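Below is one structure, written out as C-alpha cells; comments come after it.
The values are calculated or read from the model by the stated rules, or taken from the named source; none is laboratory data. As the structure is a prediction and not an experimental result, all values here were calculated from the model. Positions of Cβ are backbone-derived with ideal geometry, glycine not excepted, and every protein chain shown enters the neighbour counts.
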Ligand SMILES: Cc1cc2nc3c(=O)[nH]c(=O)nc-3n(C[C@H](O)[C@H](O)[C@H](O)COP(=O)(O)OP(=O)(O)OC[C@H]3O[C@@H](n4cnc5c(N)ncnc54)[C@H](O)[C@@H]3O)c2cc1C
C-alpha cells in the first residue's frame, strides 16, 4: 500500500459499521475462500458490510479509486465472480437477517443470506420461497440468476416470487425496485445477475410448504440406466407439478442405506421431493420404484428444511469444481447413450451428471417477462466435475468438456447463467436470448461505466 492508499483506507474505515479486511489481516485467508477451491484470487480490500450504508460507501470508494469491484453473496458461484484480483470485494456475508410477515405472506431478507437462513425463517411459519437444493448457496446470486429447486415446478423460479429489491446502484444511490418502481431495473434484476447494482434486501412472496415433505432417493444400478432414463422421461412428461424428480448419474457414495457392495459402483439416483400432502405423494411416486430393480431406497416424510440440507455433505466447500451445463426441452435417446458412456468414465468419485427437472410453473411466464429468458427449459443438465487434487485438473476438466460436446446436439440453445464457468463468457447471450438487447439498455441506464463487471457481464448498450 502506498501512504495515499493507506490514508484512503482509513477514510473507508471511518464510520464503516462492518469490517475492512486487508491482505495483512489474520482474517484475510478465510475471507478470500469461496466454495470452488479452484478460485485463488487476492482482493486488495474485502469490505464486510454490515448495513446498506456500508455498501454505498464501498461502491463510492471503488469508483473514486478506480478499483475493480466484486460482490459476494454466498460465495458459491462456480466462476468465482464473488472475488477479484486487486480491487474491492463487497462482502455481504454479515448481512443475513430475514424477517417474515406470516399474515401478509412476505419475507424480507438481506443480500448475504444463505438458503438455510431464509428457509429457517420462513419454515418457522410453515411457509417457503422456491430456492435451490444446497442450503449453503447464497440467496442473492441464486435469485439474481433465476433460481430453481424442489418447489419450482409448483411455485415457479425464485425470481417469479420476488416482489421488490433494495438496490445500491453504480451511482451510489439506494433505490427500491418493484413492478411499479424502477420497473426496468426490477425486470433486469430477475435473471440479469449482479450486473445492475448491489442488492441489499430482497422481498419475496411466501407459500405454505410442509413443514414435512415426502422426499428422498431411489437408487438403480448403472446397468439399468437406459431403461430407467427412458421411463423417467415418460414419467416426467406427465408428473404432477407438486412432484420434482431429478436424476443423478455417479458412483454411489457410501450412504448407509446402500449395501456395501454398491458403494463406489455406478448408479442412477432418482432424487425426489413432493411439495404437497405426503399421502398424495406416496401414490404419485409409486411408479418410480418399478423402473427396474432398485439397489436401495431412502424415502420418507421429513422436515422440508432437512431435505434442503440433504446434499450439503456431498457439495461441501473446498473441492475443485468445473461445470458444463445445457438446457433441454426433451431428453433424446441419443442423449441417454452419451450420458451412459460418460457416466462410465467418471474421472473422480465426486463427479456426476445431473438433470434437474423444472418446467411446470417455471415455464408459464412469457420469456420477456423478466431477464431470465429460457422458459422453455424442461431440464437443466449440469456436468459436475469435482475432485480434490490440482494434479487431476486437466483430466477432470477434459471429461466435462468432452461430455458437454457429446451432449450438445441434443440440447436447446439456452443455458442457465448461474451454471456458467469463468471461461464461458461467449455463452452469456445464450442465457438471455432475445432479452439481451433490453438488458444492455437497462445496463446503460443504471451502470453506464460497467462498474459491476465481475460477473457474466452484460455490456452497456
Ligand atoms: C453446490 C451448488 C448447488 C447449487 N444448486 C443450485 C440450485 O439448486 N438451483 C439454482 O438455481 N442454482 C444452484 N446453484 C447455482 C447458484 O445459484 C449460483 O452459483 C449463484 O451464483 C450462487 O449465489 P451466491 O450468492 O452463493 O454466489 P456468489 O459467488 O457470492 O455471487 C455470484 C454472483 O452473484 C452476484 N451477486 C451476489 N450477491 C449479490 C448481491 N447481493 N447483489 C448483487 N449481485 C450479487 C455477483 O455478480 C456475484 O459475482 C448451485 C451452486 C452450487 C455451488
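Out of (1) within 15 Å of residue 156 (Cβ to Cβ); (2) without any contact (Cβ under 8 Å) to a residue 40 or more places away in the chain, the odd one out for residue 391 is which?
With (1) within 15 Å of residue 156 (Cβ to Cβ); (2) without any contact (Cβ under 8 Å) to a residue 40 or more places away in the chain applied to residue 391, the lone miss is (1).
Within the range 214-232, does at least one residue satisfy the condition of being closer than 29 Å to residue 101 by Cα, in contact (Cβ under 8 Å) with a residue 40 or more places away in the chain and touching a helix residue (DSSP H, G or I) at 6+ places or on another chain (Cβ under 8 Å)?
Yes, the conditions are met somewhere in the range 214-232.
Select the helices (runs of 4 or more DSSP H) contained entirely in the range 1-95, then report the ones holding at least 3 residues which are within 16 Å of the ligand (Cβ to nearest atom). Please lay out each step first, then the result.
Working: elements: 3-13, 28-31, 52-64.
It comes to 52-64.
Please pick out the residue among 323, 307 that is within 27 Å of residue 223 (Cα to Cα) and not in a loop (DSSP other than H, G, I, E, B). So that I can check it myself, show each step before the final result.
Numbers: 307 fails: within 27 Å of residue 223 (Cα to Cα).
Of the residues listed, the single one that is within 27 Å of residue 223 (Cα to Cα) and not in a loop (DSSP other than H, G, I, E, B) is 323.
Looking only at the range 152-168, filter to residues that are more than 11 Å from the ligand (Cβ to nearest atom) and outside any strand (DSSP E or B); which one of those is surrounded by the most Cβ atoms within 10 Å (Cβ to Cβ)? Break it down stepwise before answering.
Let us first name the residues in the range 152-168 that are more than 11 Å from the ligand (Cβ to nearest atom), namely 153-156, 160-164.
Within this subset, residues satisfying the condition of being outside any strand (DSSP E or B) are 153-156, 160-161.
Values: 153: 27, 154: 20, 155: 24, 156: 22, 160: 23, 161: 23.
Looking at residues that are more than 11 Å from the ligand (Cβ to nearest atom) and outside any strand (DSSP E or B), I get 153.
Please work out which residue is nearest to residue 425 (Cα to Cα), limiting yourself to the range 310-320 and to residues that are assigned to a helix (DSSP H, G or I) and in contact (Cβ under 8 Å) with a residue 12 or more places away in the chain.
Applying the first criterion (assigned to a helix (DSSP H, G or I)) to the range 310-320 yields 312-315.
So of that shortlist, the ones also in contact (Cβ under 8 Å) with a residue 12 or more places away in the chain come out as 312, 314-315.
On the way: 312: 28, 314: 28, 315: 25 Å.
Applying the filter and picking the extreme gives 315.
I'd like to check something: does the range 138-146 contain any residue that is closer than 28 Å to residue 379 by Cβ, in contact with a helix residue (DSSP H, G or I) (Cβ under 7 Å, 6 or more places away or on another chain) and more than 12 Å from the ligand (Cβ to nearest atom)?
Checking the range 138-146: not a single residue is closer than 28 Å to residue 379 by Cβ, in contact with a helix residue (DSSP H, G or I) (Cβ under 7 Å, 6 or more places away or on another chain) and more than 12 Å from the ligand (Cβ to nearest atom).
Of the residues 179, 183, which is at pLDDT 95 or above, within 18 Å of residue 447 (Cα to Cα) and more than 12 Å from the chain's Cα centre (by Cα)?
Details: 179 fails: within 18 Å of residue 447 (Cα to Cα).
Matching residue, one of 179, 183: 183.
Could you tell me whether any residue of the range 318-326 is at pLDDT below 95, assigned by TED's automatic domain parsing to the domain that holds residue 241, within 22 Å of the chain's Cα centre (by Cα) and surrounded by fewer than 18 Cβ atoms within 10 Å (Cβ to Cβ)?
Filtering the range 318-326 for residues at pLDDT below 95 gives 318.
Adding the requirement that they be assigned by TED's automatic domain parsing to the domain that holds residue 241 leaves 318.
Imposing the further condition that a residue be within 22 Å of the chain's Cα centre (by Cα) reduces the set to 318.
Now restrict to residues that are surrounded by fewer than 18 Cβ atoms within 10 Å (Cβ to Cβ): 318.
The answer is yes; a qualifying residue exists.
Those residues that are closer than 16 Å to residue 358 by Cβ and either surrounded by 18 or more Cβ atoms within 10 Å (Cβ to Cβ) or in contact with a helix residue (DSSP H, G or I) (Cβ under 6 Å, 6 or more places away or on another chain) (or both), I need them from the range 234-269; list them, please.
Narrowing the range 234-269 to residues closer than 16 Å to residue 358 by Cβ: 235-248.
Across the range 234-269, the qualifying residues are 235, 236, 239, 240, 241, 242, 243, 244, 245, 246, 247, 248.
State which residue pairs qualify: first residue assigned by TED's automatic domain parsing to the domain that holds residue 165 and more than 16 Å from residue 304 (Cβ to Cβ) and inside the range 93-119, second residue within 13 Å of the ligand (Cβ to nearest atom) and at pLDDT below 95 in any location, beta carbons under 7 Å apart, and separation of 6 or more residues or different chains.
Nothing qualifies.
Scan the range 111-132 for residues that are near the ligand (Cβ under 9 Å from one of its atoms) and not in a loop (DSSP other than H, G, I, E, B) and jot them down.
Within the range 111-132, 114, 115 qualify.
Residue-wise test of (1) crowded, with 20+ Cβ neighbours inside 10 Å; (2) in contact (Cβ under 8 Å) with a residue 12 or more places away in the chain.
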position	(1), (2)
275	yes, yes
334	no, yes
348	no, yes
366	no, no
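How many of the residues making up the range 133-151 are in a loop (DSSP other than H, G, I, E, B) and surrounded by 24 or more Cβ atoms within 10 Å (Cβ to Cβ)?
Going residue by residue through the range 133-151, those that are in a loop (DSSP other than H, G, I, E, B) are 133-137, 146-151.
Within this subset, residues satisfying the condition of being surrounded by 24 or more Cβ atoms within 10 Å (Cβ to Cβ) are 137, 146-151.
Summing the residues that are in a loop (DSSP other than H, G, I, E, B) and surrounded by 24 or more Cβ atoms within 10 Å (Cβ to Cβ) in the range 133-151 gives 7.
Any residue at all in the range 97-120 that is more than 18 Å from the chain's Cα centre (by Cα) and under 28 Å from residue 378 (Cβ atoms)?
no
Just to check your reading of the model, which residue among 375, 459 is part of a loop (DSSP other than H, G, I, E, B), free of Cβ contacts under 8 Å to residues at least 40 places away in the same chain and either crowded, with 16+ Cβ neighbours inside 10 Å or in contact with a strand residue (DSSP E or B) (Cβ under 9 Å, 6 or more places away or on another chain) (or both)?
Just a single option satisfies the conditions, and that option is 375.
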